[in-house]
1. Show the residue pairs that are 6+ apart or on different chains and have beta-carbon atoms under 7 Å apart, the first residue being within region 131-156 and more than 30 Å from LYS76 (Cβ to Cβ), the second being of a type in the set (S, T, N, Q) and open to solvent by less than 60 Å² (accessible area, probe 1.4 Å).
2. Over 17 Å from ILE77 (Cα atoms), in contact with an Asp or Glu (Cβ under 6 Å, 6 or more places away or on another chain) and not in a loop (DSSP other than H, G, I, E, B): is that true of ALA167 in this structure?
3. Of all residues being in contact (Cβ under 8 Å) with a residue 40 or more places away in the chain and hydrophobic (A, V, I, L, M, F, W, C) in region 83-121, which is farthest from ALA150 (Cα to Cα)? Just the residue, please.
4. Return the residues of region 108-149 that are surrounded by fewer than 21 Cβ atoms within 10 Å (Cβ to Cβ), of a type in the set (Lys, Arg) and in a strand (DSSP E or B); say none if nothing qualifies.
5. Which pairs do you get when a residue that is more than 27 Å from LEU71 (Cβ to Cβ) and of a type in the set (Ser, Thr, Tyr), found in region 185-211, comes within reach of a residue that is modelled with pLDDT of 95 or more and crowded, with 19+ Cβ neighbours inside 10 Å, reach meaning Cβ atoms under 9 angstrom, with the pair 6+ apart or on two chains?
6. Only residues that are among the aliphatic types (A, V, I, L, M), touching an Asp or Glu at 6+ places or on another chain (Cβ under 6 Å) and more than 10 Å from SER157 (Cβ to Cβ): list them for region 208-222, please.
7. Return yes when VAL219 is in a strand (DSSP E or B), of a type outside the set (Phe, Trp, Tyr) and surrounded by fewer than 15 Cβ atoms within 10 Å (Cβ to Cβ) and no when it is not.
8. If I filter region 156-181 down to residues being hydroxyl-bearing (Ser, Thr, Tyr) and surrounded by 14 or more Cβ atoms within 10 Å (Cβ to Cβ), which single residue comes out as nearest to SER93 (Cα to Cα)?
Amino acid sequence: MTKRVRGAGVAVCAVAVAGALLAGCGDDGGGGGKENAASPSASAAAPSASGGESSGASGQMTEDQRSRKALVPQAKISYDKALKAATEAVADSKPVSVELKRGTGGKPEWHAKVAASDGTESAVRVDAVTGKADKPRTENEDGDDRKKLADRLGRASVTAQQAADTATGKKSGTVTAVELDTNDQKKEIWSVDVVTTNDWNKTTYDVDATDRKVLREHVDRD
């Protein structure tokens, strides 16, 4: 009887120990499973949040705004220095237009147009970093076109720089384009683009080429 009791006790203890071991293994496995399941979720959440922030920030700017933000700071030569280089490349010429653009290889360039006294127009590219002007290329071969341009330049008593100064007096920013043009009322105007670096918007001012009055103001938020 005693032997049977002892045997039974040993059996009970063995079962209890085995149960405890199984329970312990079950707890470790369950806990490990939760940790393993939680870790990937946390890892996935972090990139998602980061990606959302990044895409949200970029989503606040339009493609044109991002383009201006990338291009304008790269230009070390201002519009007026580019025009000076262009007019020096063509003897006895006056500015007609200048615009900051992305050139070959992604480099910033000023695309300028100047005209001689007889109205012959030449295109000149100016490196927006070094200020070096390329060889001029004649644009208008037609005699009537040359005469019209010469007449327009003769009627424009306001210079390109004076028009740009008028525009930046209205809104502080970087001048990225100036062009002698004609508005709907057939008046000679200087169209001036000013980019504000706090929001990378572009504001275009139509400045009367005879008295510097601002005839039109348009903000391009695209």
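1. ASN140/THR120; ARG146/THR120; ARG146/ASN140; LEU149/ASN140
2. Numbers: over 17 Å from ILE77 (Cα atoms): yes; in contact with an Asp or Glu (Cβ under 6 Å, 6 or more places away or on another chain): no; not in a loop (DSSP other than H, G, I, E, B): yes.
No.
3. Going residue by residue through region 83-121, those that are in contact (Cβ under 8 Å) with a residue 40 or more places away in the chain are 83, 85-86, 88-90, 94-100.
If we keep only those that are hydrophobic (A, V, I, L, M, F, W, C) too, we end up with 83, 85-86, 89-90, 96, 98, 100.
Numbers: LEU83: 18, ALA85: 21, ALA86: 17, ALA89: 18, VAL90: 15, VAL96: 10, VAL98: 18, LEU100: 24 Å.
Out of the qualifying residues, it is LEU100.
4. ARG137
5. THR210/ALA156; THR210/VAL158; THR210/GLU188
6. The one that is among the aliphatic types (A, V, I, L, M), touching an Asp or Glu at 6+ places or on another chain (Cβ under 6 Å) and more than 10 Å from SER157 (Cβ to Cβ): LEU215.
7. Working: in a strand (DSSP E or B): yes; of a type outside the set (Phe, Trp, Tyr): yes; surrounded by fewer than 15 Cβ atoms within 10 Å (Cβ to Cβ): yes.
The answer is yes for VAL219.
8. THR159
The values are calculated or read from the model by the stated rules, or taken from the named source; none is laboratory data. Values in this document were obtained by computation on a predicted structure and should not be read as measured data. Cβ coordinates were reconstructed from backbone atoms using ideal geometry, including for glycine residues, and neighbour counts include every protein chain displayed. Each accessible area value is taken on the protein alone, full model and side chains, heavy atoms only, with ligands, DNA and RNA left out. Shrake-Rupley method; radii C 1.70, N 1.55, O 1.52, S 1.80 Å.
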